[in-house]
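Below: one structure, written as structure tokens.
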Amino acid sequence: LSVKYNLAKKFCATLNTSALYQAKNSACAAYAAQLLGVETQYIKRGLETTTLGARWEQISTNPKIIIDCAHNPSAFLEIEPMLKKEFSRGKRVLVFAAMKDKDYLQELKLLSNYFDEAAFCTLPFKRSQPAKILEKEARQNGFSKTSSFDSARSAFSHAKKICGKNGKILAVGS
């Protein structure tokens, strides 16, 4: 992702990400660094060498698996442009988990437009919303094909089996 920074001192940098929202995040960081007096060459080097894991990160190609640590409705709105680009066709499966105290219903409503099927999983935390509850709520919010699993590993295995080598999987949660 190539970004042109029109700050006090203009420069261009190539980020190590395909996450469009990282352009905004990096611009804020670059601006703050300039205000603190950091030289442009160091800002550019920092932007170009930083890697942020789980930020629209592709971890597999066959099938294509993307993970993103979006964890609130605002973050899900930020990934929507990538959903439109990457998950508009082909077999698409969502792997999803959430904590009980998070506002995941808005996220499920947004995600339902992009996936053929969803695999919900219970994470090994007390705060984790059980997959069966997530599945029920997803069905009430636009998902027609769903399944629930006791672990993320089981949900991923199922998702891979469903989409085959040419499909796409997105793993997110809240």
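Summary of computed values
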{"quantity": "Mean Cα-pair separation over length for the chain, i.e. relative contact order, pairs under 8 Å, 6 or more apart, %", "calculated": "24"}
{"quantity": "Sparse-neighbourhood loop sites, chymotrypsin sites (Phe, Trp or Tyr not before Pro) in the range 75-174 - DSSP loop, at most 14 other Cβ within 10 angstrom", "calculated": "F125"}
{"quantity": "For the range 95-174 and the range 19-41, distance of Cα centres in Å", "calculated": "34"}
{"quantity": "Rounded to 5, percent antiparallel among DSSP beta bridges of the range 93-149", "calculated": "10"}
{"quantity": "Amide proton proximity set for A171, modelled H, under 5 Å, gap of 5+", "calculated": "I66, I67, D68, V95"}
{"quantity": "Computed [θ] at 222 nm, deg cm²/dmol, the chain (DSSP H ≥ 4; -39,500 (n - 2.57); rounded to nearest 500)", "calculated": "-12000 deg cm²/dmol"}
{"quantity": "Accessible-area composition of the chain, carbon plus sulfur, in percent [1.4 Å probe]", "calculated": "52"}
{"quantity": "Entry for mean projected area of the Cα convex hull in nm² (calculated from the structure that is shown) out of (i) 10.6; (ii) 18.2; (iii) 9.9", "calculated": "(i)"}
{"quantity": "Whole-number accessible area per residue in Å² for the chain, which is evaluated in the context of all protein chains at 1.4 Å", "calculated": "55"}
{"quantity": "Approximate spin-label separation Q58-I133, in nm, with each point projected 7 Å along Cα-to-Cβ", "calculated": "3.6"}
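The values are calculated or read from the model by the stated rules, or taken from the named source; none is laboratory data. These numbers come from a predicted model, not from an experiment. When we count neighbours, we look across all protein chains shown, and the Cβ atoms used for this are built from the backbone with ideal geometry, even at glycine. For accessibility, only protein heavy atoms count, side chains too; no ligands or nucleic acids. Shrake-Rupley method; radii C 1.70, N 1.55, O 1.52, S 1.80 Å.
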